[in-house]
Amino acid sequence: MNTFKPPLIKEMFPYLRVRNAEAALAYYQEVFGATLKMRLDEPGTGRIGHAELAMGPSVLMLSDEYPEHGIVGPQSIGGTSVSIHLHVDNADAVLARAVEKGGYLVRPATDFFYGERGGTVRDPFGHEWLVGHEIEQVSPEEMQRRYDAAMEQG
């Protein structure tokens with residue numbers, strides 16, 4: 001008999017580990033319009049132990065690397081397997097700003113079959129951001145039809 005009861009998840013917060021959290025805070029504020037909610041500075045080291053940025057209705061948490069505790073970011077491990085998807089009002093403008101401030105354009109903005117225009121940028125700290133905006137509402141059934149057609153075309 002299965003007695004597991006799934007938890008009631010109230011919120012989910014991405015938590016980024018970065019080399020140079022001070023610069024990351026500035027980048028996310030300049031590029032994404034994030035607002036600093038709070039930060040905890042480690043006494044005597046200059047490292048940021050924890051910071052929170054408001055980004056629309058979400059909160060992004062981040063800290064400096066703490067390799068002595070196994071807390072490292074993408075630059076230390078040679079990349080990331082995670083991306084964060086931001087829905088914005090103008091993907092092209094946000095991608096351009098991200099690159100202007102030091103990001104690397106991985107994939108330029110394109111119109112996609114699922115009703116979104118978007119692209120991908122890697123920030124200066126190694127994290128990848130999928131940035132998009134809606135161009136049309138597409139039902140799940142139509143999305144599947146378009147996906148099937150796209151896969152047939154290669």
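Read-outs throughout are calculated quantities, based only on the coordinates presented, and are distinct from any laboratory measurement. Quick caveat, the model's predicted, so the values are computed rather than measured.
Across the chain, the relative contact order, built from alpha-carbon pairs under 8 Å that are at least six residues apart, equals 19 percent.
Across region 36-53, rounded Karplus estimates of 3J(HN,Hα) from the backbone phi angles (6.51 cos²θ - 1.76 cosθ + 1.60, θ = phi - 60°) give 5, 8, 6, 8, 10, 9, 6, x, x, 10, x, 6, 8, x, 6, 9, 10, 10 Hz, Gly and Pro being marked x. By the rule of a C-alpha distance below 24 Å, with chain neighbours fewer than 8 residues away ignored, the lysines paired with Lys101 are Lys37.
Classify region 9-75: rounded, prolate or oblate, from the alpha-carbon gyration tensor (a ≥ b ≥ c, eigenvalue square roots; a/c under 1.5 rounded; otherwise prolate if a/b is larger than b/c)? Prolate is the answer for region 9-75, as a/c is 1.5 or above and a/b outweighs b/c. Relative contact order of region 9-75: 39 percent, from C-alpha pairs under 8 Å at least 6 residues apart in sequence. Average projection, convex hull of the Cα set of region 80-154: 5.5 square nanometres. Between Ala21, Ala93, Ala34, the residue with the greatest mean-square fluctuation in the GNM of the chain (Cα pairs under 10 Å linked by springs) is Ala93. GNM remark for the chain: springs join alpha carbons under 10 Å apart, and the peak mean-square fluctuation among Gln75, Gln29, Gln144 falls on Gln144.
DSSP assigns beta bridges within region 80-154; of those with both partners inside it, close to 70 percent run antiparallel. In the elastic network of the chain, a GNM with C-alpha springs shorter than 10 Å, the most mobile of Val72, Val82, Val18 is Val82.
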